[in-house]
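The values are calculated or read from the model by the stated rules, or taken from the named source; none is laboratory data. On a predicted model such as this, the values are computed, not experimentally measured, just so you know. Reconstructed Cβ throughout: ideal geometry from the backbone, glycine too, with neighbour counts over all protein chains shown. Accessible surface is based on the protein model in full, side chains and every heavy atom, while ligands, DNA and RNA are left aside. Shrake-Rupley method; radii C 1.70, N 1.55, O 1.52, S 1.80 Å.
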Amino acid sequence: MALVTTKEMFKKAYEGHYAIGAFNVNNMEIVQGITEAAGELKSPIILQVSAGARKYAQHQYLVKLVEAALELNDIPIALHLDHGADFEICKSCIDGGFTSVMIDASHFPFEENIAITKKVVEYAHDKGVVVEAELGKLAGVEDDVKVADADAQYTHPDEVQEFVERTGVDSLAIAIGTSHGAFKFKPGQKPQLRFDILDEISKRIPEFPIVLHGASSVSQEYVKIIQANGGNLADAIGIPEDMLRQAARSAVCKINIDSDLRLALTAGIREVMWNKPEVFDPREYLKVGRQYVKDVVAHKITEVLGSDGKA
């Protein structure tokens, strides 16, 4: 099966009241863990690559890893650029085999965001590639994306229809209370998604795919494993999964998950190396990390996204 765009995925997800998991990839073990879980559960998935991942693993390696996963798993897979900073990086990914790109010009004024996004859309659509954009600003840190709490902004529902119509974008990431990274909230702060904003946006752009970034739930199971094996993540707090399930049943068609995968891989590696300090074969500790990634993805697909059996 060849790589696909997200267009048909999102149409089915919207109609079926479930969401597609967009899982960030950085190396072979993460790609394997994600795609093995999705393949066994017959779930469509999006494998997404950040600017940081492209710098670390290189574009060509990541594309070939995804192509290998396609040969081994008979499921729809889209390859997506996460948080493209400008036209040039989006163009590079479009020309380099990606089927979907995100242009994130949300930190610019509204009119400038429209102009930059429209330029990417025109180039991408000419190549058969779909485009995601963003309105509003999520707090938190993820690779090159760094937004302080004071600078975070909810998406304004009265802007979304004009933005979508003028840009021709295919999906829209919105800010309703999610946050990038594992340390999303301060100790004692209660996570809360603004479903009233989501509902209003859905009315303004009915049947249009909505995206949630920063949606890792920061599994305390893996936080505890890391802490028990020499790590310190006491203040790591994520988005409650019941809120994500509610979002997946509404207009949200794509939910981004990155920090949960990093935590799982790190937990597996720490567990082996802390308890077996004599181990020096990377296959031994990466195998455990890969299994934890697979377990996380399987849980997300079946218990949060509802995409199992939808391939």
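Quick look at the values:
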read-out	value
Residue that is under 20 Å from residue 89 (Cβ atoms) and open to solvent by 70 Å² or more (accessible area, probe 1.4 Å), where the choices are 42, 64, 7	64
Lone unmet requirement of (1) among the aromatic types (Phe, Trp, Tyr); (2) open to solvent by less than 40 Å² (accessible area, probe 1.4 Å); (3) modelled with pLDDT of 95 or more for residue 285	(2)
Test: residue in the range 291-300 that is modelled with pLDDT under 95, open to solvent by less than 20 Å² (accessible area, probe 1.4 Å), under 14 Å from the mean Cα position of the chain (by Cα) and not aromatic (Phe, Trp, Tyr)	no
Count of the range 169-180 residues which are more than 18 Å from residue 198 (Cβ to Cβ) and touching a Lys or Arg at 6+ places or on another chain (Cβ under 7 Å)	1
Matching residues, the range 88-103, being buried (at least 17 other Cβ atoms within 10 Å of the Cβ) and either touching a helix residue (DSSP H, G or I) at 6+ places or on another chain (Cβ under 7 Å) or at pLDDT below 95 (or both)	89, 90, 91, 94, 101, 103
Which listed residue is surrounded by fewer than 17 Cβ atoms within 10 Å (Cβ to Cβ) and closer than 19 Å to residue 23 by Cα, from 240, 209, 191	240
In the range 243-264, the residues that are crowded, with 24+ Cβ neighbours inside 10 Å and either hydroxyl-bearing (Ser, Thr, Tyr) or over 17 Å from the mean Cα position of the chain (by Cα) (or both)	259
Cβ pairs under 7 Å, 6+ apart, first in the range 86-103 and in contact (Cβ under 8 Å) with a residue 60 or more places away in the chain, second open to solvent by 30 Å² or more (accessible area, probe 1.4 Å)	99/3; 99/4; 99/5; 100/5
The one condition in (1) more than 16 Å from the chain's Cα centre (by Cα); (2) touching a residue at least 60 places away in the same chain (Cβ under 8 Å); (3) crowded, with 17+ Cβ neighbours inside 10 Å that residue 269 fails to fulfil	(2)
Selection count where residues are surrounded by fewer than 24 Cβ atoms within 10 Å (Cβ to Cβ), of a type in the set (A, V, I, L, M, F, W, C) and either modelled with pLDDT under 95 or within 25 Å of residue 253 (Cα to Cα) (or both), scope the range 70-85	3
Helices (runs of 4 or more DSSP H) contained entirely in the range 220-311, each with at least 3 residues that are closer than 16 Å to residue 24 by Cα	259-275, 282-299
Of the criteria (1) in a helix (DSSP H, G or I); (2) of a type outside the set (S, T, N, Q); (3) open to solvent by less than 30 Å² (accessible area, probe 1.4 Å), which one residue 15 fails	(3)
Residue count for the range 3-61, restricted to those that are within 24 Å of residue 252 (Cβ to Cβ) and among the charged types (D, E, K, R)	6
Subset of the range 171-222 that is β-branched (Val, Ile, Thr) and modelled with pLDDT under 85 - its residue that is nearest to the chain's Cα centre (by Cα)	178
Tally of residues being open to solvent by 20 Å² or more (accessible area, probe 1.4 Å) and hydroxyl-bearing (Ser, Thr, Tyr) across the range 222-237	0
Condition met for residue 119 (under 19 Å from the mean Cα position of the chain (by Cα) and open to solvent by 70 Å² or more (accessible area, probe 1.4 Å))	no
Counted residues, the range 35-51 - those being farther than 24 Å from residue 103 by Cα and either touching a residue at least 60 places away in the same chain (Cβ under 8 Å) or part of a loop (DSSP other than H, G, I, E, B) (or both)	7
